[in-house]
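Taking it in order: structure first as structure tokens, then the write-up.
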Ligand code: FE
Ligand code: FE
Ligand code: FE
């Protein structure tokens, strides 16, 4: 049996988020196509580019702990994506699609923030400052994306008439 250590927990969590990031990278183009507003499409486009770099950063972190990049199925992101698909199917072609897409995307960002927060703390405890720096950079991008999405949602709601409720 594998020895359970802080490092093994870090490695498992890294494999989990590596799976999630690659799945997100595959899903963002679909969300981009589904978005109605130019602002939201641009936000997804920007984050797709960031996500590409985030995947590379994770590969660097694997190297820092002497492991090769390997994904481990993350049932949480699979579930969040399934819900997102459901929202897209339900609100496709309606005035509510962007609000639905933002809500789904924020669920993704919140999951990532939770994972990167834990990874930062584990890396810090392991004394791996290089890993902390890389993971923090990504954590800040996820937080900025979440904030940008929230601002877009607020703007969208202001534009909605009371009849839409
Ligand atoms: Fe990410
Ligand atoms: Fe997970
Ligand atoms: Fe993200």
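Computed from the coordinates by the stated procedures, all read-outs in this text should not be read as laboratory data. Since the model is a prediction, treat every value here as computed from it, not as a measurement. With ideal geometry, Cβ positions are generated from the backbone for all residues, glycine too; neighbour counts draw on all protein chains shown.
So, R0 is 30 Å and r is the distance between the beta-carbons of residue 82 and residue 12; what FRET efficiency does that work out to, to 0.05?
For residue 82 and residue 12, the calculated efficiency is 0.85.
To the nearest 10 degrees, how steep is helix 97-125 against the longest Cα principal axis of the chain, on a 0 to 90 scale?
The angle comes out at about 20 degrees.
Kindly express, to the nearest 10 degrees and within the range 0 to 90, the angle between helix 38-64's C-alpha long axis and the longest C-alpha principal axis of the chain.
10 degrees
Restricting to Cα pairs below 8 Å that are 6+ residues apart, what does the relative contact order work out to for the chain? Please round to a whole percent. Don't jump to the answer; show the numbers that get you there.
Values: 148 pairs, mean separation 44.8, N = 165.
About 27 percent, as a whole number.
Pull out the extension gain between residue 95 and residue 60, defined as 0.36 nm times the separation in residues minus the alpha carbon to alpha carbon distance; nm, one decimal.
Result for the pair: 8.4 nm of gain on full extension.
What angle do you read, to the nearest 10 degrees and between 0 and 90, between the alpha-carbon axis of helix 75-91 and the longest principal axis of the chain?
Value to nearest ten degrees: 10.
Using Cβ contacts closer than 10 Å as the measure, can you line up 31, 9 from fewest to most?
Neighbour counts put them in this order, fewest first: 9, 31.
Would you mind ranking 62, 44 by Cβ crowding within 10 Å, fewest neighbours first?
On the way: 62 18, 44 24.
Going from least to most buried by this count: 62, 44.
Before rounding to the nearest 500, sum -39500 (n - 2.57) across all DSSP H runs of length at least 4 in the chain and divide by the residue total; then give [θ] at 222 nm in deg cm²/dmol.
It comes out at -28500 deg cm²/dmol, rounded to the nearest 500.
For the stretch 6-154, compute Rg over Rh where Rg is the Cα radius of gyration and Rh is the Kirkwood radius from the inverse mean 1/r over Cα pairs.
Values: Rg = 15.7 Å, Rh = 15.7 Å.
A ratio of 1.00.
What FRET efficiency do you get for residue 70 and residue 36 if R0 is 41 Å and r is their Cβ-Cβ distance, rounded to the nearest 0.05? Walk me through the numbers before you get to the answer.
Working: r = 38 Å, r/R0 = 0.92.
My answer for the efficiency is 0.60.
If you rank 17, 65, 24 by fewest surrounding Cβ atoms within 10 Å, what's the result? Spell out each step's value before the answer.
Numbers: 17 27, 65 14, 24 24.
The fewest-first ordering by Cβ neighbours comes to 65, 24, 17.
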